[in-house]
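The values are calculated or read from the model by the stated rules, or taken from the named source; none is laboratory data. Treat the numbers as computed from the prediction; the structure is a model and nothing was measured. So basically every Cβ, Gly included, is an ideal-geometry build from the backbone, and we count neighbours across all protein chains shown.
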Amino acid sequence: MTLFWLTLGFGVVTGAVLSLAAVGLSLQFGVTNFVNFAYGAYLAFGMFFTYTGQVGLHLPLWLAVIFGVLATGVTSVVVDALILEPFVRRGTSGFFLLIITFGLSLVLLNLIQAIWGVGFDQFQISASNPVRLGPFSFTPAQLAIVGIAAATLVAVHLLLTRTTLGKSMRAMSDNAPLARATGIDTTRVTRWTWFLSGCLAGLGGVTLAFNTVEFQAFTGNTFLFVIFAAVILGGIGQIYGAMLGAVIIGLVVNFAGLVISSAYDLDAAFAVLVLVLLLRPQGIIPTLGKA
C-alpha cells in the first residue's frame, strides 16, 4: 500500500510537469492552428538558459528560473518571426508546417548541443530530506514543482478569462478571420502567444529537469511524445483539457511502471493515445476551455 501512495504522488508530480508543457502547446496550437514539433527543443532551452543563469551568471536559482523562462519565451518569438511566420504568410498548409517544425527541431537541438555540449548537466540544488504529507512522500524539489504548476495554471486561467489579451487569444482560436475583421491585432496576439507558449515550455523544461535531476539537449524531446499524448487526450487546443489530460497521463505513466515495468512507461502513454484516437479523437473535453 505504501508503494501505491508513493506512485500516486509521483504521478501527481509528473502530471504537474506535463501540465505546464501541455498547456503551452495547446495555447500555441489554439491560436496558430498548426502543430509545433520543435516544442521539445524549447523545453531544452528552458533548462539550459536556467543552467546558464545559475552557473554562468551566478544568479540565485529562483532568479535563474525567471531568466531561463523569459529567455525561452523570447527565443520562441524570434524563431517564429524569422522562420515560421514567412511560411504562414504564404499560406503554407498545416501538413507542410508540421514537416518544417520537425526539421526546425533538429536544427535547434543541434544548436543547443553546439552551445552547451552533449553531456549531462544538473542544477545546483542542496540535498534535503523528503517531506511526508500523510501517506505521501515528496522531496522539496517535487513540492516546488507542484506549487509552480498550480500557480502557473491559475495565472493562465486568469489571463484567458480576465484580460483583453486572453480574450483576444480565445477569439482568434474560435475564428481568426472574424477576430481580424473586428479590429483585433492578430499579429500582436500571435507574437504574445508564441512568447507565452515559449515561457510555459521553458518552465516545463525546468520542472522536468528538477524531476529527472540530470538533463541534456534531448531530455525535452524525449518527453515530447508524452506531452502530445496529454494534449490529444484532453482535446487538441483545449486548455483545461490539456490540464486534465496531463494529470491522467502522469498517473498512467507512473502506475504502468508499478504494475508492469518502468521500461514500459512511454508504451503506456502510447496505448492511451491510440485508444483516444480510435474511440474519442476529439478528446475527453472537446468543448471546454478552448484558448
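Laid out as a table, the results:
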quantity	calculated
Within segment 235-253, tally of residues that are part of a helix (DSSP H, G or I), farther than 20 Å from GLY205 by Cβ and not hydroxyl-bearing (Ser, Thr, Tyr)	5
Qualifying positions in segment 47-88 - β-branched (Val, Ile, Thr), more than 22 Å from LEU106 (Cβ to Cβ) and over 21 Å from the mean Cα position of the chain (by Cα)	VAL55
Members of segment 86-97 that are in contact (Cβ under 8 Å) with a residue 24 or more places away in the chain and within 14 Å of ALA38 (Cβ to Cβ)	LEU97
Single residue of segment 180-213 satisfying the filter (charged (D, E, K, R) and over 18 Å from the mean Cα position of the chain (by Cα)) that is nearest to LEU25 (Cα to Cα)	ARG188
Segment 267-291 residues that are in a helix (DSSP H, G or I), paired with ones that are at pLDDT below 80 and of a type in the set (Val, Ile, Thr) (beta carbon under 8 Å, 6 or more apart)	ALA268/ILE260; VAL276/ILE284
Any hit, segment 47-69, residues being assigned to a helix (DSSP H, G or I) and in contact with a Cys (Cβ under 6 Å, 6 or more places away or on another chain)	yes
Hits in segment 253-276 - residues which are modelled with pLDDT of 80 or more and over 18 Å from the mean Cα position of the chain (by Cα)	ASN254, PHE255, ALA256, ALA268, ALA271, VAL272, VAL274, LEU275, VAL276
Helices (runs of 4 or more DSSP H) enclosed by segment 111-215 - at least 3 residues per element that are out of contact with any Asp or Glu (no Cβ under 6 Å at 6 or more places or on another chain), among the β-branched types (Val, Ile, Thr) and within 24 Å of ALA22 (Cβ to Cβ)	140-162, 186-212
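Results for (1) in contact with a Cys (Cβ under 6 Å, 6 or more places away or on another chain); (2) among the charged types (D, E, K, R); (3) modelled with pLDDT of 95 or more; (4) more than 29 Å from ARG191 (Cα to Cα), shown as yes or no for each residue.
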{"site": "GLY73", "(1), (2), (3), (4)": "yes, no, yes, no"}
{"site": "VAL77", "(1), (2), (3), (4)": "no, no, yes, no"}
{"site": "GLY91", "(1), (2), (3), (4)": "no, no, no, no"}
{"site": "LEU108", "(1), (2), (3), (4)": "no, no, yes, no"}
{"site": "PHE123", "(1), (2), (3), (4)": "no, no, no, yes"}
{"site": "SER126", "(1), (2), (3), (4)": "no, no, no, yes"}
{"site": "SER137", "(1), (2), (3), (4)": "no, no, no, yes"}
{"site": "PRO140", "(1), (2), (3), (4)": "no, no, no, yes"}
{"site": "ALA144", "(1), (2), (3), (4)": "no, no, no, yes"}
